[in-house]
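The values are calculated or read from the model by the stated rules, or taken from the named source; none is laboratory data. All values reported here derive from a predicted model rather than from experimental measurement. Quick reminder, even Gly has a Cβ in these numbers, built from the backbone with ideal geometry, and neighbours come from all protein chains shown. Side chains are part of the model used for accessible areas, which takes the heavy atoms of the whole protein and leaves out ligands, DNA and RNA. Shrake-Rupley method; radii C 1.70, N 1.55, O 1.52, S 1.80 Å.
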Amino acid sequence: MATKEQEILDKLKQGVIDYDEDAVIAAANEALAQNVDAHAAIFDGLVPGMVEVGRLYEEQEYFVPEMLMCADAMYAGLNILKPHMSVKEGAKKGVVVMGVVQGDVHDIGKNIVRMMFDASGFEVHDLGRDVPLDKFVEEQLKTDSDLVCLSAMMTTTMVGMKEIIEKIKEKNPKCKIMIGGAPVTGDIASRWGADGYARDANNALKDAINMIASLKDIS
Amino acid sequence: MRQQRHIDQAKLDPASLLEKIKAWGGEVVGIGNVSVGLPPDLEGLSTAISLALTHPEQQNENEIYEYRYPEIEQKLEDIQKNIAKQLRVDGWRFLEIPPDSSKQRDRLISKIHPLFPHKTAATCAGLGWIGKSGLLISPCYGPRLSWATVLTNAPYQATGQPYIHGQCGRCNVCVRECPAGAISGIEWSRCTNYTTMIDIVSCAQQLENNRITIGELACGKCIKACRCGRKI
């Protein structure tokens, strides 16, 4: 059984890497039929696949189209597996508001981060791209989110983040803010008062889980 | 060194792939080089495999030309999948651009699809030109086809001379038949701006009128009227 389960996990992982939606769907259904834990299928199958895709992208073996097709394959599996996660595992880890700041339309990075949040059971409010600065503040108040994630790919649009961070912190000092995108550095993040900085999608997820965990500890 | 480069750029013979595509059900198939003007996100995918399936004959008295055939588009997608599988086995990159009506799906990759029109693939593969109507016109079937494209980095040889000019000549049937008068009658060339050929606002208005009067957001008079590929 253990090897059978490993085989299915490998198929899920490989299906994501191969951007082969049909293979992922078949493997996800097989996982359910063989009583593989849905949580394990996602976190030991789909997610490691996506991590590998991130590596291939970084090494320029994969490009934007491959990355997106892999993400679609991962979502195809996620849609099948997610309803079968046990209530405790499926319980939402937190509420996230995210988007690409005004003036910037580069949303691929944001979409990948969003996918990681989706996979891990966050409730995600995705504002999309080219989002007016005030919209972030508004949405945070409306959803009472634990976390706001801001993304920018250009130095010119990145500066808008500073204003958003100030406004949100003013209205709701408990809300955590994470920023990311090509021009952003850890140094900028701390100077502008952000709680987190994510170099890439994988780190964004890890940081987010830690941040929300610390938040829950305090309250 | 020079010779090495020459070998690297050696073109692949597409004969066996084309044969397979025909066996999978492809009716009109061609390969073209689309490296010129390829958007940055599609870099490297400079070979386009263009394929089409023909529409069934329609009753002449129909008020609209039915160009939406879900079963044909499904078949196109199945053929695309086979092509993609083959390219994967052969170790090439690929990107399927699905038939137009399938593009609206809630997928991340669907954002990439509008970057590459089927018309570019088909004209570069020499399968047809852009008619005065703005439709892709095949010399054998006119505009009565549904199209799909697979982009790849496999350096297959082009299967035909690209069309860089329209071949409508003196024919103005679509210009006369258009109920909205939206077709200006200008012959297409590769860099022609479509807005000088078609008044898309009047065209859209006509569709909207049809929705109210016939109950369908469709028209297709220009598809029906085109004499190209018709036995007269």
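State yes or no: is A:Tyr62 free of Cβ contacts under 8 Å to residues at least 60 places away in the same chain, crowded, with 20+ Cβ neighbours inside 10 Å and of a type in the set (Phe, Trp, Tyr)? Please lay out each step first, then the result.
On the way: free of Cβ contacts under 8 Å to residues at least 60 places away in the same chain: yes; crowded, with 20+ Cβ neighbours inside 10 Å: yes; of a type in the set (Phe, Trp, Tyr): yes.
Against the criterion (free of Cβ contacts under 8 Å to residues at least 60 places away in the same chain, crowded, with 20+ Cβ neighbours inside 10 Å and of a type in the set (Phe, Trp, Tyr)), A:Tyr62 qualifies.
Taking the options B:Arg230, B:Arg176, B:Arg170, name whichever one is farther than 28 Å from B:Val36 by Cβ and in contact with a strand residue (DSSP E or B) (Cβ under 7 Å, 6 or more places away or on another chain). Don't jump to the end; show me each part of the working.
Values: B:Arg176 fails: in contact with a strand residue (DSSP E or B) (Cβ under 7 Å, 6 or more places away or on another chain); B:Arg170 fails: in contact with a strand residue (DSSP E or B) (Cβ under 7 Å, 6 or more places away or on another chain).
It is B:Arg230.
If we scan segment A:168-181, do we find a residue that is among the acidic types (Asp, Glu), open to solvent by less than 30 Å² (accessible area, probe 1.4 Å) and either at pLDDT below 90 or not assigned by TED's automatic domain parsing to the domain that holds A:Pro48 (or both)?
The answer is no; no qualifying residue exists.
Give A:Leu12, A:Leu32, A:Leu56 a once-over and let me know the one that is within 14 Å of chain B (Cβ to nearest Cβ) and surrounded by 15 or more Cβ atoms within 10 Å (Cβ to Cβ).
Working: A:Leu12 fails: within 14 Å of chain B (Cβ to nearest Cβ); A:Leu32 fails: within 14 Å of chain B (Cβ to nearest Cβ).
Of the residues listed, the single one that is within 14 Å of chain B (Cβ to nearest Cβ) and surrounded by 15 or more Cβ atoms within 10 Å (Cβ to Cβ) is A:Leu56.
Would you be able to say whether some residue in segment B:112-134 is under 24 Å from A:Ala76 (Cα atoms), open to solvent by 60 Å² or more (accessible area, probe 1.4 Å) and more than 16 Å from the chain's Cα centre (by Cα)?
no
Please work out if B:Asn82 is modelled with pLDDT under 95, surrounded by fewer than 19 Cβ atoms within 10 Å (Cβ to Cβ) and farther than 23 Å from B:Pro39 by Cα. Please lay out each step first, then the result.
Working: modelled with pLDDT under 95: no; surrounded by fewer than 19 Cβ atoms within 10 Å (Cβ to Cβ): yes; farther than 23 Å from B:Pro39 by Cα: yes.
When the stated conditions are applied, B:Asn82 does not pass them.
If a residue has to be modelled with pLDDT of 80 or more, under 24 Å from A:Glu52 (Cβ atoms), open to solvent by less than 40 Å² (accessible area, probe 1.4 Å) and within 14 Å of chain B (Cβ to nearest Cβ) to count, how many in segment A:74-130 make the cut?
5
Can you confirm whether segment A:146-153 contains a residue that is under 28 Å from A:Met50 (Cα atoms), open to solvent by 10 Å² or more (accessible area, probe 1.4 Å) and among the hydroxyl-bearing types (Ser, Thr, Tyr)?
yes
Would you check if A:Val24 is farther than 30 Å from A:Asn172 by Cα, within 14 Å of chain B (Cβ to nearest Cβ), crowded, with 16+ Cβ neighbours inside 10 Å and at pLDDT below 90? Even if it seems obvious, please write down each step before you answer.
Details: farther than 30 Å from A:Asn172 by Cα: yes; within 14 Å of chain B (Cβ to nearest Cβ): yes; crowded, with 16+ Cβ neighbours inside 10 Å: yes; at pLDDT below 90: no.
For A:Val24, the condition - farther than 30 Å from A:Asn172 by Cα, within 14 Å of chain B (Cβ to nearest Cβ), crowded, with 16+ Cβ neighbours inside 10 Å and at pLDDT below 90 - is not met.
Please pick out the residue among A:Glu30, A:Glu59, A:Glu66 that is at pLDDT below 90 and farther than 14 Å from A:Met115 by Cβ. Even if it seems obvious, please write down each step before you answer.
Working: A:Glu30 fails: at pLDDT below 90; A:Glu66 fails: at pLDDT below 90.
Unique residue meeting the criteria: A:Glu59.
Determine which single condition A:Tyr19 fails, assuming it passes every other condition in (1) more than 14 Å from chain B (Cβ to nearest Cβ); (2) within 27 Å of B:Gly91 (Cα to Cα).
Answer for A:Tyr19: the failing condition is (1).
How do the strands (runs of 3 or more DSSP E) wholly within segment B:28-143 filter down when requiring 3 or more residues that are within 14 Å of chain A (Cβ to nearest Cβ), out of contact with any Lys or Arg (no Cβ under 6 Å at 6 or more places or on another chain) and over 22 Å from B:Tyr194 (Cβ atoms): which remain?
Numbers: elements: B:28-33, B:47-54, B:94-97.
The strands (runs of 3 or more DSSP E) meeting that bar are B:94-97.
Of the residues that sit in segment B:38-59 and are in contact (Cβ under 8 Å) with a residue 60 or more places away in the chain and more than 29 Å from A:Asp20 (Cβ to Cβ), which one is surrounded by the most Cβ atoms within 10 Å (Cβ to Cβ)?
Going through the qualifying residues, I end up with B:His55.
Would you check which residues across segment B:118-148 are touching a Phe, Trp or Tyr at 6+ places or on another chain (Cβ under 7 Å) and closer than 20 Å to B:Pro14 by Cα and list them?
Within segment B:118-148, B:His118, B:Ala122, B:Thr123, B:Gly126, B:Gly128 qualify.
Does B:Ala180 satisfy the criteria of being in a loop (DSSP other than H, G, I, E, B), closer than 27 Å to B:Ile49 by Cα and more than 18 Å from the chain's Cα centre (by Cα)?
Values: in a loop (DSSP other than H, G, I, E, B): yes; closer than 27 Å to B:Ile49 by Cα: no; more than 18 Å from the chain's Cα centre (by Cα): yes.
Spelling it out, it is not the case that B:Ala180 is in a loop (DSSP other than H, G, I, E, B), closer than 27 Å to B:Ile49 by Cα and more than 18 Å from the chain's Cα centre (by Cα).
Looking at segment B:174-185, can you tell me whether even one residue there is closer than 28 Å to B:Leu18 by Cα and among the basic types (Lys, Arg)?
We begin by selecting, within segment B:174-185, every residue closer than 28 Å to B:Leu18 by Cα; these are none.
No, segment B:174-185 contains no residue that is closer than 28 Å to B:Leu18 by Cα and among the basic types (Lys, Arg).
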